[in-house]
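Working notes, structure below.
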Amino acid sequence: MVDVILGLQWGDEGKGKIVDYFAPNYDVIARFQGGPNAGHTLYIDGKKVVLHQIPSGIFHQHADNLIGNGIVLDPITLKKECETVAALGIDVKKNLFIAERANIIVPTHRALDKASELQKGDKKIGSTLKGIGPAYMDKTGRNALRVGDLLDKSFITQYIKLRLKHQKLLDNFHFNEDISALEEEFFDALEYLKTLNIVNGEYFINNKISQGKNILAEGAQGSMLDIDFGTFPFVTSSNTISAGVCTGLGIAPNKINDIIGITKAYCTRVGGGPFPTELHDETGENLRKLGGEFGATTGRPRRCGWLDLVALNFSCMINGVTKIVMTKADVLDSFNEIKVCTSYNVEGKNTKEIPFQLSKVDVEPVYQEFKGWSDKPSVNVTKAEDLSQNMKDYIQFINKEINTEVKFISNGPEREKIIVL
Ligand code: GDP
Ligand code: IMO
Ligand code: MG
C-alpha cells in the first residue's frame, strides 16, 4: 500500500514535520521529485534539522528511506546532509537507498541556473539556484548523467562531454564563473556517493509493495509550483502532484491509496510569480514574523497572505486529495479577524477557477471573514474538543468549500504538536 504526502500550495507547508509524524506507520519513506531546492524542517530531540534530498523518515531507524528516480540529486548537498544526520546518530549506510535512475546535478547546472535567471531581468523565477531547471532539461534532453552511471568506466568521458556542452551554453549567456573549487568538491562527493546503497529503485519499491509493506511517498515543493499545473512560468521543473509519484518511483497508479495534502492555515510563497491573496501590509508582516516565514533553503523572506480556497480547491482536484493536514494554525492564534479567499474577480468576472495565466491577468480576491480564536489559542490544545468554536467554524467552512476534510491540525513545529480531528 502506498500513501502520499504532498504540499497543496507554493511549498513550505510543513511537509517535513508531517512526514516525520506519520513515519512510524510506514516501512519505506520515498522522495519522488525535486532536489536540493526543497528544505524540509524537522525537530529531532529539540534540534532543528533541514533536509533537502534525504526523505524525512530518516530519523526512524525501522524505516528504509529511498531517493527515487524522479529526483535530481546534488552529490555535494547529499554528502553534507548525510554528515548532518550521521552526527545525530543515524547510520545512512543502513537505511538510505538511492535509485540508480536518479539524475545527477553537476556544478555547471548551478552555473546555468544563475545565468538563466540573470538573463530574465525583472521576470526572474526566483529560483533557488540549485541547478534544478538545467538538470531536468538535461533529463528531458536525454543528456543527463544518472547515479547508476557512476559505476560505469565511461563516466568521466560522459561527464567531460556534458561539461563541454554546458560551457557552450554558458558562453552564449556570457556567463563566466570559476567553478573549479566546486568541481573538486563534486568529485569528492561522488566518491562518497559510491559508498552508499545504490539500488534499482523500481524493483526495490515494488518488491516492498509485494511483501505487504507500507510506503509513504514524500512530495517536495507544492502543487501550485507543478511544471504543468502551477503558475507557469513561475514554477519548478518537476511534477510535484500525486501523478509524479508514479513516474518518480515506478509505482503503478492503482497501488496508491491515501493522498494526504498539506496546507498552511494561511498562504506563503517564496520567489517570483502571482500570489492573489498576498498581503503587503502589517498583517502580512505579522504572518511572516509569527510564522517565522523565511526560506529553509535560501533564507529569503517568504511572501505571506490569507488562505486561498480557489487554489486549494484546484490542488485537491488535480491531486485527488483524500485527507488534509492544516499546519501552522497556531500562527493565527492572536489574530482577531481571519480572512479566506473564496473566489476571484478576474477582469470584472467572478470565478472559482484558476485562470490559464494567473500572472497575466488582474485578479481581485473575494474574501469571507471569520472571527479569530484567541479565546482558546490552538497552541495549548491537544484534543479536538478543546478547540475554540471559532476555529471549528473556520475548519468546517473550509471542509465544505473544498469538499475534502481537514483531519489533522498542526499547532507547532515539534513532532508531537498535532491535533487529530
Ligand atoms: P516543508 O518544505 O513543507 O517541509 O516546510 P518548511 O520546513 O520549509 O517550512 C515549514 C516551517 O514551519 C518550518 O520552520 C517548520 O518547523 C515550521 N512548522 C511546521 N509545522 C508548524 C506548525 O504547525 N506551527 C508552527 N508554528 N510551525 C510549524
Ligand atoms: P519545499 O519542498 C518553496 C520555488 C523557488 C522558485 C521556484 C523555482 O521546501 O516546499 P527552482 O529552484 O525549483 O528552480 O525554483 O520554486 N521553490 C520552492 N518554494 N518551497 C520549496 O520546496 C521550493 N522549491 C522551489 O523559490 O520560486
Ligand atoms: Mg521548505
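We did not get these values from a lab; they are worked out from the coordinates using the rules stated. Only a predicted model underlies this, so the values are computations on that prediction, with no experimental measurement involved. Using ideal geometry, Cβ is built from the backbone for each residue, glycine included, and neighbour counts are taken over all protein chains shown.
Would you give the gap between the C-alpha center of the stretch 369-397 and the C-alpha center of the stretch 4-66, rounded to a whole Å?
The two parts, judged by their Cα centres, are 27 Å apart.
Counting only other residues whose beta carbon sits under 9 Å from that of Phe275, what net charge do I get with K and R as +1, D and E as -1?
Around Phe275, the surrounding residues sum to 0.
Residue separation times 0.36 nm, minus the C-alpha to C-alpha distance between Lys289 and Leu88: what's the value?
Full extension from Lys289 to Leu88 adds 69.4 nm.
In nanometres, what is the gap between the two model label sites at Leu164 and Met1, each 7 Å from Cα along Cα-to-Cβ?
Taking the simple label geometry, Leu164 and Met1 are separated by 5.4 nm.
Residues of the stretch 232-272 with amide nitrogen under 17 Å from the 7 Å Cα-to-Cβ point of Arg300?
232-238, 268-272
Report for the chain the percent antiparallel among DSSP-assigned beta bridges with both residues inside it, nearest 5.
Close to 40 percent.
Any idea what the dipole of the chain comes to, in debye rounded to 20, about its Cα centre with Lys/Arg Cβ at +1 and Asp/Glu Cβ at -1?
Its charge dipole is roughly 660 debye.
Can you list which of the chymotrypsin sites (Phe, Trp or Tyr not before Pro) found in the stretch 33-105 are DSSP loop residues with at most 16 other C-beta atoms within 10 Å?
none
Can you tell me the order of 303-309, 290-296 when each peptide is scored by its average per-residue count of other Cβ atoms within 10 angstrom, highest first?
In decreasing order of mean packing, 303-309, 290-296 become 303-309, 290-296.
With runs of 4+ DSSP H residues as the only contributors, calculate the mean residue ellipticity of the chain at 222 nm using -39,500 (n - 2.57) per run, divided by the residue total and rounded to the nearest 500.
After summing the helix terms and dividing by the residues of the chain, the value is -9500 deg cm²/dmol.
Once the dipole of the chain is set up with Lys and Arg at +1 and Asp and Glu at -1 on Cβ about the Cα centre, which of Pro274, Ile251, Gln396 lies farthest towards its positive end?
The listed residue farthest towards the positive side: Ile251.
What list of ³J(HN,Hα) values in whole Hz, one per residue of the stretch 337-342 in order, does the Karplus curve 6.51 cos²θ - 1.76 cosθ + 1.60 (θ = phi - 60°) give from phi, with Gly and Pro shown as x?
9, 10, 10, 9, 7, 9
Would you please give the FRET efficiency between Phe187 and Met137, computed as 1/(1 + (r/R0)^6) with r the Cβ-Cβ distance and R0 = 30 Å, to the nearest 0.05?
0.85
Would you mind checking the stretch 45-66 for residues with the amide N under 16 Å from a putative spin-label position 7 Å along Cα→C-beta of Ile209?
Counting only backbone N, you get 66.
So if we plug the beta-carbon distance of Asn350 and His62 into 1/(1 + (r/R0)^6) with R0 = 60 Å, what FRET efficiency do we get, rounded to 0.05?
Step by step, r from the Cβ atoms, then E = 0.75.
Considering only C-alpha atoms, what is the centroid distance from the stretch 299-321 to the stretch 123-154, in Å?
Distance between centres, Cα-based: 27 Å.
What pairs from Lys15/Lys208; Lys371/Lys407; Lys94/Lys114; Lys79/Lys161; Lys123/Lys400 go past 32 Å between their alpha carbons?
From the list (Lys15/Lys208; Lys371/Lys407; Lys94/Lys114; Lys79/Lys161; Lys123/Lys400), the Cα-Cα distance tops 32 Å for Lys94/Lys114; Lys123/Lys400.
Picking from Ser237, Asn200, Met317, whose Cα lies most toward the positive end of the charge dipole for the chain (charges on Cβ: Lys, Arg +1; Asp, Glu -1)?
Asn200
If Lys and Arg each add +1 and Asp and Glu each add -1, what is the summed charge of the other residues whose beta carbon sits under 11 Å from the beta carbon of Tyr344?
-3
At 7 Å along Cα-to-Cβ for each site, give me the label-to-label distance between Thr157 and Thr382 in nm.
Calculated label separation equals 6.5 nm.
So how do 343-353, 273-283 stack up, highest first, on mean other-Cβ count within 10 Å?
By packing density, highest mean first, the sequence is 273-283, 343-353.
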